[in-house]
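Let me begin by presenting the structure, written as structure tokens, before commenting on it.
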Amino acid sequence: MSAVTAEKDAYRAGFERFALSPLAASEPTWLRERRTAAFARFVETGLPTPRDEAWRHTPLAPLTRGRFEPADPEAPPEPGVLSLLPDAGPRGPRLVLVNGRLSPELSRLDASQPGVAAMSLREALATRPASLEPWLARVADGATGAFADLNSALAGDAAVVLIAAGAVLDAPIRVEHVGGGPSGTVAYSRTLLVAGRGSESRIVEVFASRADRASLTNAVTEVVIEDGASVDRCKLQQEGGDALHVATLAVRLGRDARFYDHSLVLGAALSRDDIDVRFEGEGSECVLNGLFVVDGRRVADTHSRIDHARPHCSSRELYKGILDGQARGVFGGLVIVRPGAQKTDAWQMNRNLLLSSEALVHSTPQLEILADDVKCRHGSTTGQLDPAALFYLRSRGIGEAAARGLLTWAFASELLRTLRDESVRAAVEKRLQERLPGVAGLVEATS
Amino acid sequence: MLEIRNLHARAGDSDVLRGLDLSVRKGEVHALMGPNGSGKSTLAHVLAGRPGYTVTAGEVRFEGRDLLALAPEERAREGVFLAFQYPVEIAGVSNIYFLKAATNAIRAHRGLPELDAVEFLSLVKEKAKIVEMDEELVKRPVNEGFSGGEKKRNEIFQMAVLEPRLAILDETDSGLDIDALRIVAHGVNRLRGPERAMLVVTHYQRLLNHIVPDFVHVLVDGRIVRSGGKEMALALEETGYAWLEKEPAAAGPTARP
């Protein structure tokens, strides 16, 4: 029996166990069918291999060579992990998922904020199944890959956030995924956000684990933005140094809708983000900003796919990487402009800063343009700190290490400035000051 | 204050300075003129310690210390300042933070306490007036989006804040219209003083109408071939450099009028 078959069989046994559980048996037929279909797709395609173009530059072995047992959803959060989370503030819903299961004790579901309903998948299925059926495991579908399929098949719970039409939320919604089961375990963590027509909301998703264990987080976030609505999302990934993190973000935008995403990849040994954005109405806009910071032998990989299926939409994408040691970065960005998607305006840029000569980046920005009246640009730069700028700073009396720190901070700060949430920005700044050489005390340096 | 003896230096792979001698005492303003490629800017960069330049022979003493043994930041802390011909744009770093970091690094070296935010701000306000520097520019990222004139003003503004002992002005007049030139020169003149020396590197005489030097030196092929008083610059403006190149080493390198 080949290793691949053995793995599939292990997952199959896991899926069968799950499908027979009382939890799964209580689910509506449509969901059970979607789980079965997702698992069938996984069996069909299997885990990715180095031959898959989208995984060619990513060291896959830690994800595929072992078997990951589902983490115990009853287990309490790791000691101390909650203190790693940014201050959640006094207002707004807060949903805490421990190894993928929503913890009512740690969460703040009744935030008395009109226009938003926050709950576990269980509660949502019991009370508002009709709000879920059009979207759950539909937004992230067959196009999003094997890990998303596994999550759709196996995630027993989810954070569900439903925003009423026209609601304007001033406090952000927090979804905090904490875990870190023992090595060799996997947590399927999931979020569904449905933003009703004309609503405005912010969501902050944090992934945190503390201990240095080789556990896997397999996360899926589905975001639906109905006509005229706007969603500002921030993802902060600060998992432990040996953790594995594979996340899928799937977004569907209606007409005149807005989506802003800020992704901060600051942790895990191997971090992979797949982003899938589809414009399904005209006049919509999407901004994807991301920063990853890796050192040692860590790997950060972002693959994005923006599908301009409709005309008159614009997308802006800026991903920046800071790499030290023997770290590796991968950026694969694809912008598709469908036939008839005229007046598409797309801009895509990847910039990487190498702090050591052994760090490595694979960057492939890509445009696939099938309409003729469009404005599309893309680019990619990878380099070290500018020697002219370094000398300029030193010639004014600033020491070399401080000058390097200042320029590194300046490189990162372009993206930090776009973070609207004060406590998240403070948490990210603190984290970066711990992680990057020479940047301690530089918060006020940038402008 | 500054003693340069028999300085030979390479820029990249080519020999540029070939036995340069120069002596500058405190309070003096020296102009260094010469045709393109004669080594003026190379000298400025060698004195500031720019990587990519190699000294192959000779020595430079600054206040009695071996200047060439110091890192660029140590030279700055000792009081050497280079006003760049092409100031560098640094996106994302605010001018004011940059200057505060520099000021406090230099103050620490001199055994002075750090300036707090309030003290530093009042220092900046005072010094910005010297070059009529807009306070908005002070807050912006270093040189980013500045016009040519604003960049040069920013250099002199930095010089005013950092109060160097030796200021080297590398082609500070290049790219300036006459109004900007007047403002920059006025700022430089305000910073002249008995404890401060200046080395003004320029291709053209016109800057020296505004910053009147005590001494003028002409650099040809990496050596000083003529030294004289301020009137020599005027003579050069009329005749050009060609006649000098025909009679190298016509004057003693440290000749004083």
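Any chance you could run the full-extension gain for B:His109 through B:Glu126? It's 0.36 nm times the residue separation minus the Cα-Cα distance, nm to one decimal. Let's see the in-between values first.
Details: separation 17, 0.36 × 17 = 6.12 nm, distance 2.30 nm.
Stretched fully, the B:His109-B:Glu126 segment lengthens by 3.8 nm.
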| Separation in nanometres of the label points that stand 7 Å from Cα toward Cβ, at B:Val118 and B:Ala69 | 4.3
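Which whole number gives the average, over all residues in B:194-200, of C-beta atoms from other chains lying within 10 Å of the residue C-beta? Before the final figure, lay out the partial values.
Numbers: counts 0, 0, 0, 0, 0, 0, 0.
Per residue, the number of nearby Cβ atoms from other chains is 0 on average.
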| query | With each label point set 7 Å from Cα along the Cα-Cβ vector, what nm distance links A:Ala37 and A:Glu53? | reply | 2.5
| remark: For chain A, the longest principal axis of the Cα atoms and the Cα long axis of helix A:29-45 enclose an angle in degrees, to the nearest 10, of 50
| So which residue, out of B:Gly193, B:Gly34, B:Gly222, gets the largest mean-square fluctuation from a GNM of chain B using Cα contacts under 10 Å as springs? | B:Gly193
| Among A:190-196, A:302-308, B:73-79, how do they line up from the highest to the lowest mean number of other beta-carbon atoms within 10 Å? | A:190-196, A:302-308, B:73-79
| said: Just to be sure I understand the model, the point goes 7 Å from the Cα along the line to the Cβ. What's the resulting B:Arg182 to A:Lys8 distance in nm? | reply: 8.4
| message | On a straight-distance basis, which lysines could pair with B:Lys125 in a cross-link, Cα separation under 28 angstrom, same-chain partners fewer than 8 positions away excluded? | response | B:Lys26, B:Lys100, B:Lys139, B:Lys151, B:Lys152
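Shielding by partners for B:80-91, please: the mean number of other protein chain Cβ atoms within 10 Å of each residue's Cβ.
Working: counts 2, 3, 4, 1, 4, 0, 2, 2, 9, 4, 9, 9.
Per residue, the average neighbour count from other chains is 4.
Just add up the charged neighbours of A:Asp345: K/R +1, D/E -1, any other residue whose Cβ is under 10 Å from the Cβ of A:Asp345. Walk me through the numbers on the way to the answer.
Values: positive: A:Arg316, A:Lys343, A:Lys375, A:Arg377; negative: A:Glu285.
Value of the local net charge: +3.
How many percent of Cα pairs in the protein assembly as shown exceed 37 Å? If you can, show how the numbers build up before the last one.
Values: 122173 of 247456 pairs.
Of all Cα-Cα pairs in the protein assembly as shown, 49 percent lie more than 37 Å apart.
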| request: Take chain B, connect every pair of alpha-carbon atoms lying under 10 Å apart with a spring to form a Gaussian network, then pick out the residue of B:Thr103, B:Thr56, B:Thr172 with the largest mean-square fluctuation. | output: B:Thr56
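Express in nm, to one decimal, how much length is gained between A:Ala143 and A:Lys375 on full extension, taking 0.36 nm for each residue of separation and deducting their alpha carbon distance.
On the way: separation 232, 0.36 × 232 = 83.52 nm, distance 2.57 nm.
Full extension from A:Ala143 to A:Lys375 adds 81.0 nm.
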| said: Between A:Asp212 and A:Leu367, how high is the FRET efficiency from 1/(1 + (r/R0)^6) when r is the Cβ-Cβ distance and R₀ = 41 Å? Nearest 0.05. | reply: 0.55
| Degrees, to the nearest 10: B:117-130 long Cα axis against longest axis of chain B | 40
| query | With contacts defined as alpha carbon pairs under 8 Å and 6 or more residues apart, what's the relative contact order of chain A in percent? | reply | 10
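Is there a simple number for the mean count of other chain Cβ atoms within 10 Å of the Cβ of residues in A:397-409, and what is it?
Values: counts 21, 10, 7, 3, 0, 4, 5, 0, 0, 6, 4, 0, 2.
Mean inter-chain Cβ contacts per residue within 10 Å come to 5.
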| Top of B:Ala91, B:Ala185, B:Ala102 by mean-square fluctuation, Gaussian network on chain B, Cα under 10 Å | B:Ala91
| said: What do you get for the angle between helix A:3-20 and the principal long axis of chain A? Use alpha-carbon atoms, 0 to 90 degrees, nearest ten. | reply: 50
| request: Write out the GluC sites (Glu not before Pro) in the stretch A:351-435 meeting two conditions: DSSP loop, and at most 14 other Cβ atoms within 10 Å of their Cβ. | output: A:Glu358
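Since every read-out is calculated from the coordinates, none of them should be taken as a lab result. The model shown is predicted, which means the values in this text are computed figures rather than measured ones. Please note: Cβ atoms are built from the backbone with ideal geometry, for glycine as well, and neighbour counts cover all protein chains shown.
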